[in-house]
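Read through the structure below, which is laid out as structure tokens, and then see the notes.
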Amino acid sequence: MRSIGVIGLGSIGLPQAVFLSRIAGYEVYGVDIDKEKIRRLRDKNIDLYTDDPEVRKFFLESIDKKMLIISDDYEILKETDLAIIHVDASYSYLGDEQDLSNIYDSINKIVKIWSIYKDHEKTRGVIIRSTLLPGSMRALHRYIKDTFDINILLAYVPEFSREHNVFKDLMNPSRIVIGCDDETSCSYFEEFYKDLYMRRLNVKVPIFRMSFEEAELVKYLSNIFLAAKISYANIASILCERINCDPYKIMSAVSEDPRIRKDHMRPGLGFGGPCLPRDLFSFTSYIKKLDLDHEIKRQIIDFYRSIFEINRWSINKIVKLVNEASKYGVGEISVIGLSYHSKTSDLRGSLSIEIIKKLLRKGFRLKLYDPIHNAVKKAEEIFKDSVVYCKDLGECLETDLLIILTDHEEVKRLSLDKISESVRRKIVIDGRGVLIDRKMEFESRGIKIFFIQDVIS
């Protein structure tokens with residue numbers, strides 16, 4: 001049985017370790033330097049680290065069956081022949097350099113362990129899955145060759161998993177991209193992924209072999225394209241604000257074109273999360289340093305900035321609608337939806353959090369609720385006692401004005417009777433367009449419902 005190490009048990013690394021152990025049947029050793037996290041995971045307290053019930057279930061089974069061993073000590077990786085690194089390659093929004101110290105630290109530690117416990121019959125490999133700017137892997141490859149007297153094969157295999165759907169994406173990925181430097185490395189890692197998907201899971205997955213730089217660009221250009229689609233959909237919202245049209249109808253028809261597809265093409269509150277905003281920012285800074293024709297460079301940077309600015313527009317538009325509605329005697333506001341996506345409790349990069357901060361600065365009294373209760377707990381760490389936290393949807397509806405910032409199923413099933421009875425000013429602002437098909441139904445009950453393209457007169 002192959003022995004695999006997973007370094008970094010975060011939102012992607014932990015599901016990766018669970019998947020490789022419980023589903024694929026490898027012997028897996030997971031390492032994370034966060035001692036408190038390891039303590040909690042050993043105590044089977046996993047709820048803080050995933051919202052996915054499948055990850056919870058299979059994690060507990062893997063731990064019980066000792067298919068997954070976790071530690072904060074790299075020593076447990078001594079017998080592994082493959083290490084998969086999922087640590088953060090952070091990027092400062094104030095600077096213009098990607099911080100790769102976590103990755104270099106992980107490399108130093110794993111290679112040091114392997115050097116102590118040398119097994120000359122083993123071929124050992126390292127896969128980096130963190131998002132890296134072009135040139136990063138080339139520099140890392142050179143560093144390993146110049147620093148260590150041990151033969152290690154290196155590959156960059158970017159992950160394309162959605163955090164809210166990571167386990168399903170790991171089980172059936174859209175593609176595997178392998179960035180490598182030589183035929184030996186490419187063949188070694190391609191064989192690993194063929195064994196994983198085609199032989200163990202009987203899943204056909206397209207595999208692309210390419211250079212380090214090509215693989216790094218695949219990751220960035222994929223994420224930025226998703227961000228661009230979301231902002232493009234909101235161009236319809238901006239136009240419809242002036243032309244008095246329904247952007248949801250428009251983009252539904254546009255996205256029926258098979259060349260365009262429906263994913264990420266819905267108007268409303270824009271993109272957030274830990275990846276898309278950061279990647280857009282870091283890649284724009286990277287473009288600035290490239291030796292490109294000045295006019296072409298300017299146009300590319302302007303294009304990326306427009307994606308960002310349209311995304312910011314969606315925040316400001318929600319706040320503007322609240323300001324316009326305040327003339328109806330609105331003092332208390334309830335916000336449903338705190339995380340950046342309806343299937344996760346992750347607040348990183350959440351536009352909802354930015355909207356809440358802006359409303360607090362304007363002096364509104366706020367009540368917060370999210371159908372995923374871990375999101376409310378995380379919000380308490382941000383807002384402390386400056387807001388009221390609701391235990392359930394019913395409590396949240398007792399307010400002057402209701403703002404919807406999630407497309408969670410609980411919101412889609414909102415009762416008109418409860419809204420009519422509880423929301424005192426009978427005003428709803430739907431920032432996700434969840435209730436667009438029920439607009440006439442709301443209005444027939446005397447409830448004013450507004451969407452991102454609307455103007456409150």
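Tell me the volume per residue, in Å³, of the convex hull enclosing the alpha carbons of the range 222-451. Can you show the working numbers first?
Details: hull volume 32.1 nm³, N = 230.
In the range 222-451, the Cα hull volume divided by residue count equals 140 Å³.
In the range 3-210, what % of DSSP beta bridges are antiparallel (nearest 5)?
Looking only at bridges with both residues in the range 3-210, the antiparallel portion is about 5 percent.
When you have a sec, figure out the Kirkwood radius of the range 156-304 from all distinct Cα pair distances and drop it here in Å to one decimal? Present the calculation step by step, with values, prior to reporting the outcome.
Numbers: mean 1/r = 0.0557 Å⁻¹.
For the range 156-304, the Kirkwood estimate is 18.0 Å.
Quick one: work out the % antiparallel among DSSP beta bridges in the chain, nearest 5. Kindly include the intermediate steps, with their values, before the conclusion.
Numbers: 2 of 48 bridges.
In the chain, DSSP labels about 5 percent of beta bridges as antiparallel.
Order by neighbour count: SER90, SER345, fewest other Cβ atoms within 10 Å first, most last. Walk me through the numbers before you get to the answer.
Values: SER90 13, SER345 23.
Neighbour counts put them in this order, fewest first: SER90, SER345.
Name every cysteine in the chain that ends up alone, with no second cysteine's Cβ under 4.7 Å, or say none.
If one checks each Cβ against the other cysteines of the chain, CYS275 turn up with nothing under 4.7 Å.
Using only the Cα atoms of the range 191-250, construct the convex hull and provide its projected area averaged over every direction, in square nanometres to one decimal. Walk me through the intermediate numbers first.
Numbers: hull surface 26.2 nm².
Taking a quarter of the hull surface, the average projection is 6.5 nm².
For the range 31-93, what is the convex hull (Cα atoms) projected area averaged across all directions, in square nanometres? Working shown, then result.
On the way: hull surface 22.9 nm².
Reported value for the Cα convex hull: 5.7 nm².
Whole-Å semi-axes of the range 260-345's equivalent ellipsoid, largest first, each the root of 5 times a Cα gyration tensor eigenvalue?
On the way: eigenvalues 218, 55, 29 Å².
Ellipsoid semi-axes (Å, largest first): 33, 17, 12.
To the nearest 20 debye, what charge dipole does the range 3-210 have about its Cα centre, counting +1 at the Cβ of each Lys and Arg and -1 at the Cβ of each Asp and Glu?
Values: 29 positive and 34 negative charges, 117 e Å.
In debye, rounded to 20, the range 3-210 gives about 560.
How large is the Rg to Rh ratio of the range 340-457 when both quantities use alpha carbon positions and Rh follows Kirkwood? Can you show the working numbers first?
Working: Rg = 13.9 Å, Rh = 14.8 Å.
Rounded to two decimals, Rg over Rh is 0.94.
Once each part is reduced to its C-alpha centroid, what is the distance from the range 27-99 to the range 338-381 in angstrom?
26 Å
Can you compute the FRET efficiency between ARG199 and ASN172 using 1/(1 + (r/R0)^6), with r the Cβ-Cβ distance and R0 = 22 Å? Round to the nearest 0.05.
Here the calculated transfer efficiency is 0.90.
Report the gain in length on full extension from SER211 to ASP293: 0.36 nm times residue separation, minus Cα-Cα distance, nm rounded to one decimal.
Details: separation 82, 0.36 × 82 = 29.52 nm, distance 2.44 nm.
Extending this stretch completely gives an extra 27.1 nm.
With axes computed from alpha carbons, what is the tilt in degrees of helix 212-243 against the longest principal axis of the chain, rounded to the nearest 10 within 0 to 90?
10 degrees
Taking neighbour Cβ counts within 10 Å as the exposure measure, how do TYR328, TYR156 sort from fewest upward?
By the 10 Å Cβ count, ascending: TYR328, TYR156.
Give, rounded to the nearest 20 debye, the magnitude of the charge dipole that the chain has about its Cα centre when Lys and Arg contribute +1 at Cβ and Asp and Glu contribute -1 at Cβ. Each step should come with its number before you reach the end.
Numbers: 71 positive and 70 negative charges, 208 e Å.
Dipole magnitude for the chain comes out near 1000 debye.
So what does the Cα-only Debye profile of the chain read at q = 0.08, 0.09, 0.11 Å⁻¹, as log10 I(q)/I(0), no solvent term?
-0.53, -0.67, -0.95
Just to be sure I understand the curve: with the Debye formula and one point per C-alpha of the range 3-210, what is log10 I(q)/I(0) at q = 0.07, 0.08 Å⁻¹?
Relative scattering, expressed as log10 I(q)/I(0), comes to -0.19, -0.25.
Only helical DSSP H runs with n ≥ 4 go in: add -39500 (n - 2.57) per run for the chain, normalise by residue count and round the 222 nm mean residue ellipticity to 500 deg cm²/dmol. It would help to have the intermediate numbers written out before the result.
On the way: 17 runs with 201 residues, N = 457.
Calculated mean residue ellipticity at 222 nm is -13500 deg cm²/dmol.
A short reminder: the numbers here are calculations on the coordinates, not readings from a lab. Keep in mind that what you see is a predicted model, and the values were worked out from it rather than measured. Neighbour counts are summed over all protein chains in view; Cβ atoms, including those assigned to glycine, are modelled from backbone coordinates with ideal geometry.
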